[in-house]
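Colleague: Before I ask anything, let me first share the structure, which is written out below as structure tokens.
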Amino acid sequence: MGNQVEKLTHLNYKEVPTADPTGMDRDEGPRIGVSYIFSNDDDELEQQQDSVHDLGGEHPALQPYDPQLHEVECSVYYRDECIYQKSGGHLSTYTPENLLNRCKPGDLVEFVCQAQYPHWVVYVGDFQVVHLHRLEVVNSFLTDASQGRRGRIANQLYRYKPLSPAVVVRNALEQVGCKDRDLSWRNSECFAAWCRYGKREFKIGGELRIGKQPYRLQIRLGDKRSHTLEFQSLEDLIMEKRRNDQIGRAAVIQELSSHLQAAEEEEEEEEDHHHHPGARTAEEVYNPD
């Protein structure tokens, strides 16, 4: 299958968001990338899922979790520069108690669990973290913030130059108490990454969604097979990347395989029609009007 660039990045096309809140997309050209301007914070969605699981059945945090099986390996590019990479070497996870022995102030921690969005926090020292949780920036103990999930130190995922640990901690602590409409971040990952790297691209509306899509999300499907999606902003790309993490590797591969097969069949039909312009489709035969 090889590398392929997909112009409509959301995989369920009936639910592709439009640029206009009324549902009418006035742009006549091809849509490349997905705008999540009207989306809810996906950490809030994560809490809704927690409630559902708590009503019955085993909570995902208590189920065996295999990063190699559930997580999507991917790379993010800004033009030709790789700015993020998650591969096999970055997938090891640890218990919250083990993480306490590994974390240093200014570190980013990513908590992961099957069927949930990853939850990112900033370690600020004294066993405590600052994170965006339920539409509010809060200060918690790391073990409480984990909610029983395993996690990893995520400093190496983004390839931007980090700020000093003291500045990272200060950035996080200064935002404690910020909530609802005062928030500048869509999810916990954007908030934590902004604290560490200080880049406006992680903030809501930090980039104009105009012109050519400079960001690419390359999803690895297997040996020498990948699929590439294009986005106008890093914020939109992160939303899609987190959606992939939430639904899991198997579901992402299934979605892409189904879509690519349908696209290939459509291309073949167009080629057949081009080579046989006089041929009529079955619909045309039975509906001559």
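Every number in this text was worked out from the coordinates using simple rules, so none of it is lab data. Remember, it's a predicted structure, so these values are computed and weren't measured experimentally.
Colleague: Would you kindly derive the ³J(HN,Hα) couplings of the stretch 230-243 from the backbone phi angles with the Karplus curve 6.51 cos²θ - 1.76 cosθ + 1.60 (θ = phi - 60°), listing them in order in whole Hz, with x for Gly and Pro?
Modeller: 10, 9, 8, 9, 5, 4, 5, 4, 4, 4, 5, 4, 5, 4
Colleague: For Glu73, which sequence-distant residues (separation of 5 or more, or a different chain) have an amide H within less than 5 Å of its own amide H, given hydrogens modelled in the peptide plane?
Modeller: Arg220
Colleague: Over the stretch 89-172, what is the relative contact order in percent, taking alpha-carbon pairs closer than 8 angstrom and at least six residues apart? Don't jump to the answer; show the numbers that get you there.
Modeller: Details: 132 pairs, mean separation 31.6, N = 84.
Dividing the mean separation by the residue count of the stretch 89-172 yields 38 percent.
Colleague: Could you let me know the centre-to-centre spacing of the stretch 148-227 and the stretch 60-133, using Cα atoms, in angstrom?
Modeller: Using only Cα atoms, the two centres lie 12 Å from each other.
Colleague: With θ set to phi - 60°, apply the Karplus curve 6.51 cos²θ - 1.76 cosθ + 1.60 along the stretch 189-205 and write out the HN-Hα couplings as whole Hz, x wherever there is a Gly or Pro.
Modeller: 5, 4, 5, 4, 5, 5, 4, 7, 10, x, 9, 5, 4, 7, 8, 4, x
Colleague: Return a whole-number percent for the relative contact order of the stretch 68-138, with Cα pairs under 8 Å and 6 or more residues apart as the contact set. Spell out each step's value before the answer.
Modeller: Working: 70 pairs, mean separation 12.3, N = 71.
After rounding, I find 17 percent.
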